[in-house]
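Visitor: If you scroll down you'll find the structure; I have some questions about it.
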Amino acid sequence: MTRDSAASIQTRDLNPGKSSTAPADVATAVLTEAEYELFAELGRPRRVEAGQLLFRRGELGTTMFVIARGVVDLDFGEDLVGKRLGPSEFFGELGLLIGDHVRSADAIAASDGLLIELRHEEFQRLVDRDPGLISYFLRRAILRVVLNEQSLIRRLRRRNEELQSALDSLYAATHQLNQTEELIRTDDLTDLYNRRGLTLHLQQYRTHATPPALGLLLVDCDRFKQVNDDHGHLVGDRVLQGVANILRSIAGPEDLACRLGGDEFCLLVVTDQQDEVMRFAEFIVATAQGLMQMSHGTPLMCPLSVGACLVDPAKDWTDWYARADAALYQAKRLGGNRVHWHDTELTSA
């Protein structure tokens, strides 16, 4: 650099109260006057225009810059706080000290200005010229890197805590949503699935490439109105809960017990065997009969009628229901307290 160029760079604005030794805050990367004068004398002047990109984050760098005039913005990305540097501040020092260092920020000139650029050969001349001054500068530069890393670690820790808090909130919201969804699909009185729960179950059933074979049992309480009329609705509710307990006791992990509404229930069982479906149905009727015999005064149960059929995967719920309902109607017509199997195809649903 020529003496005139150095003199031009040294005409920068100085803070009136700035010390000629170490700056008050090493994290600001402000050079002392002695450091600046030495860097200005041996560095290369570089004029920049507002908006000019000096380097990008992720690029390999080998140069350091000192600001003589103007302002430079450092953008670290990823929601990290950027920095705005002014006269006498330096940046990019790791590229100079380490060589081929990956830039950690975008450096953009925020105004027209003048920089001092230092490459390895200029820095070696600085060391030869005044090793004591450069040693002091290096200690401060290293301390600045450490402080920046500590600040980054604190920010990352804070972001991790915020992320963990957000995940905890998401988990709580998901848990509450699942509970709400479970309430929506569950019958309040019996805790069995309701019609909505049955509909969702059938939708999932349809998603299987090869749906499992099912048997359907429709269960209806015989003379349930008489129980309510003679003993009141609380007793009637306990009877309904008793029916739910019978269905729950025989339902396997893949079966589904449901209260369709009023005193009507259904049970979907995973099987393709008529004998097995009938075994379930006969157990339901027999268990209800046994509970009736145990009743003294206040009824624990009422007789049950069951209509049973195998499910045709090619048809939808209305067809299944119509078959089982036709069988249930026959059981009721024959006096109730029994099981009836639907054998023939319905001509219409």
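Read the figures in this text as sums done on the coordinates, not as results from a lab. The shown structure was predicted, so the numbers you read here are calculated from the model rather than taken from an experiment. Because the Cβ atoms are built from the backbone with ideal geometry, glycine has one as well, and the counts that use them run over all protein chains shown.
Visitor: Which ones in region 76-101 are among the small types (Gly, Ala, Ser) and closer than 27 Å to residue 160 by Cβ?
Guide: Filtering region 76-101 for residues among the small types (Gly, Ala, Ser) gives 77, 82, 86, 88, 92, 95, 99.
Result: 77, 82.
Visitor: Is it the case, given these coordinates, that residue 258 is assigned to a strand (DSSP E or B) and either closer than 24 Å to residue 184 by Cβ or in contact with a helix residue (DSSP H, G or I) (Cβ under 9 Å, 6 or more places away or on another chain) (or both)?
Guide: yes
Visitor: Which residues, taken from region 279-301, are in a helix (DSSP H, G or I), in contact (Cβ under 8 Å) with a residue 12 or more places away in the chain and surrounded by fewer than 17 Cβ atoms within 10 Å (Cβ to Cβ)?
Guide: 282, 283, 289 - these are the residues of region 279-301 that are in a helix (DSSP H, G or I), in contact (Cβ under 8 Å) with a residue 12 or more places away in the chain and surrounded by fewer than 17 Cβ atoms within 10 Å (Cβ to Cβ).
Visitor: Could you check region 193-211 and list, in sequence order, the residues that are surrounded by 14 or more Cβ atoms within 10 Å (Cβ to Cβ), out of contact with any Lys or Arg (no Cβ under 9 Å at 6 or more places or on another chain) and not in a helix (DSSP H, G or I)?
Guide: Residue satisfying the conditions is 211 alone.
Visitor: Next up: So residue 235 ticks every box in (1) of a type in the set (A, V, I, L, M); (2) surrounded by 14 or more Cβ atoms within 10 Å (Cβ to Cβ); (3) within 38 Å of the chain's Cα centre (by Cα) but one. Which box is left unticked?
Guide: Every condition holds for residue 235 apart from (3).
Visitor: Name the one entry in 308, 244 that is touching a Phe, Trp or Tyr at 6+ places or on another chain (Cβ under 8 Å) and touching a residue at least 60 places away in the same chain (Cβ under 8 Å).
Guide: Sole residue among the options that is touching a Phe, Trp or Tyr at 6+ places or on another chain (Cβ under 8 Å) and touching a residue at least 60 places away in the same chain (Cβ under 8 Å): 308.
Visitor: OK, next. In region 151-198, what residues are without any contact (Cβ under 8 Å) to a residue 40 or more places away in the chain, of a type outside the set (D, E, K, R) and within 19 Å of residue 265 (Cα to Cα)?
Guide: Those that are without any contact (Cβ under 8 Å) to a residue 40 or more places away in the chain, of a type outside the set (D, E, K, R) and within 19 Å of residue 265 (Cα to Cα): 183, 184, 186.
Visitor: Evaluate the following for residue 305: is it buried (at least 20 other Cβ atoms within 10 Å of the Cβ), of a type in the set (S, T, N, Q) and closer than 20 Å to residue 238 by Cβ?
Guide: yes
Visitor: Next up: Consider region 235-255. How many of its residues are outside any helix (DSSP H, G or I) and acidic (Asp, Glu)?
Guide: Within region 235-255, residues that are outside any helix (DSSP H, G or I) and acidic (Asp, Glu) number 2.
Okay, residues lined up against (1) of a type in the set (Phe, Trp, Tyr); (2) touching a Pro at 6+ places or on another chain (Cβ under 8 Å); (3) under 11 Å from residue 39 (Cα atoms):
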site: 109; (1), (2), (3): no, no, no
site: 117; (1), (2), (3): no, yes, yes
site: 123; (1), (2), (3): yes, no, yes
site: 131; (1), (2), (3): no, no, no
site: 136; (1), (2), (3): yes, no, no
site: 143; (1), (2), (3): no, no, no
site: 149; (1), (2), (3): no, no, no
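Visitor: Within region 227-234, is there a residue that is of a type in the set (Val, Ile, Thr), assigned to a strand (DSSP E or B) and closer than 17 Å to residue 190 by Cβ?
Guide: Within region 227-234, none of the residues are of a type in the set (Val, Ile, Thr), assigned to a strand (DSSP E or B) and closer than 17 Å to residue 190 by Cβ.
Visitor: Name every residue in region 95-121 that is assigned to a helix (DSSP H, G or I) and surrounded by 20 or more Cβ atoms within 10 Å (Cβ to Cβ), in order of residue number.
Guide: 95, 96, listed by residue number.
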